[in-house]
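The values are calculated or read from the model by the stated rules, or taken from the named source; none is laboratory data. What you see is a predicted model, and the numbers here were worked out from it, not measured in a lab. A quick note on method: Cβ atoms are made from the backbone with ideal geometry, for glycine too, and the neighbour counts reach across all protein chains shown. All accessible areas refer to the heavy atoms of the entire protein, side chains included, with ligands and DNA or RNA removed. Shrake-Rupley method; radii C 1.70, N 1.55, O 1.52, S 1.80 Å.
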Amino acid sequence: FTHACPRRHPSTPLPPPMAKSRGQPKLLSASDGGKMNAAERKRLSRYSRGDGNSSKGVTKPGLKRSIKRGEAKIGAAERKAAQAEVLQPSEAGFLEAEGPLERTCRVRQSQLAAMVDEQTAAKAYEVQLPDLGPYRVAFTANGRRLLLGGRKGHVAVARWEGGFHVLSELQLRETVRDLTFLRDHTMFAVAQHKNLYIYDASGTELHCLRSHRPDVQRLAYLKYHWLLATVGSTGQLRYLDVSTGENVSDIRTRLGECDCMRASPYNAVVHLGHTNGTVTLWTPNMHEPVAKLLCHKGAVADLAIDRAGRYLAT
């Protein structure tokens, strides 16, 4: 069987070869054959995830296809993020000092509320709690719910949008050392005098975890792993799986009592501050600290970690 193909006239030019797209992904202006301008290249560079993996030299066909597919997905994600940037009408605000003698840390909240727009100023609120404190505070992942826990047993769940509104309130009649929300605002954990308790949004007791004795000092919830980390007066670091109720890991820090804990929002590594001035970093699959820092000559009182996980303040 033969198929007759039409002959091309000698004067008819050949069609241009199809170009293979490599390197940096194109934006919308390049979809019609145009080139990216300088503004689009700069916008795309802000969302770049670094140099990609090359499939050159890979002999296995399946691995080669998976590398190409992964790089194509990363390029599409960069392109979509850069294209969606135009939907953000404003940039994040910041403080700028007028002279070398002015310090931004001395600016008060009342001064900031007077400088911002009305919609932002309406989100500011002030709550006076003079009797049952000191208080521990926790927020949900979306920042819409607030959890307050007083040292003398007062616990309250509040919504601060459109004004401060208390949704539920209870008096536990014993010491509250720390508290935190779990997967959302419907459940929260409270470290009380002897045991660790879990309540629902209305204040009903759901669980009493006696395996975390003698007493829990600090709590941290790892939202992407569904793990509740606790540390107490004996220096025991425990990880509890809130989906099954089982203890995932029980680690002895061997550094004495610990009442300072913070989980990194970037990689969920738990940071512990100890009385000898050291800060240790822990993961549930290792019984030795992944890093140990000598930060102070005295005890570490508190920790703070930035969202990118690059800076630690003690």
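Using C-alpha pairs under 8 Å with a sequence gap of at least 6, the mean separation divided by the residue count of the chain gives a relative contact order of 6 percent.
Considering only 83, 236, 111, the Gaussian network model of the chain with Cα springs below 10 Å gives its largest mean-square fluctuation to 83. Per-residue extension of 0.36 nm, minus the Cα-Cα distance of residue 252 and residue 54, leaves a gain of 66.9 nm for this segment. Remark on residue 217: its backbone amide H falls under 5 Å from those of 231, 232, 233, a criterion applied only to residues 5 or more positions apart or on other chains, H modelled at 1.01 Å from N.
Helix 61-83 axis versus longest C-alpha principal axis of the chain: approximately 70°, rounded to the nearest ten. Estimated purely from DSSP H runs of n ≥ 4, each contributing -39500 (n - 2.57), the mean residue ellipticity at 222 nm for the chain is -4000 deg cm²/dmol once divided by its residues. A Gaussian network model of the chain, with springs between Cα atoms under 10 Å, assigns the largest mean-square fluctuation among 108, 65, 254 to 65. Chymotrypsin sites (Phe, Trp or Tyr not before Pro), restricted to the range 159-251: which are DSSP loop and have at most 11 other Cβ atoms within 10 Å? When the chymotrypsin sites (Phe, Trp or Tyr not before Pro) of the range 159-251 are filtered for loop state and at most 11 Cβ neighbours within 10 Å, 224 remain. Computed from phi, the 3J(HN,Hα) profile of the range 229-241 under the Karplus parametrisation 6.51, -1.76, 1.60 (θ = phi - 60°) reads 9, 10, 9, x, 6, 8, x, 7, 9, 10, 10, 10, 7 Hz, with x in place of Gly and Pro.
Note that the range 69-219 presents 66 Å² accessible area per residue, ligands and nucleic acids not counted, probe 1.4 Å. Pairs exceeding 28 Å between alpha-carbon atoms, taken from 80/223; 123/223; 152/292; 223/292; 42/73; 73/123: 152/292; 73/123. For the range 178-186, 3J(HN,Hα) computed residue by residue from phi via the Karplus equation (6.51, -1.76, 1.60; θ = phi - 60°) reads 6, 7, 7, 6, 9, 5, 7, 6, 7 Hz, glycine and proline entered as x. Look at (i) 1.13; (ii) 0.94; (iii) 1.29: the one that is Rg/Rh (Cα atoms, Kirkwood Rh) derived from this structure is (i).
Cut-off 13 Å, label point 7 angstrom out along Cα-to-Cβ of residue 125: give me the residues of the range 145-167 whose amide nitrogen falls inside. Output list for this probe position: 145-148, 156-167. Backbone phi angles across the range 207-216, fed through the Karplus curve with coefficients 6.51, -1.76 and 1.60 (θ = phi - 60°), yield HN-Hα couplings of 9, 10, 9, 7, 6, 9, 6, x, 8, 9 Hz in residue order; Gly and Pro are listed as x.
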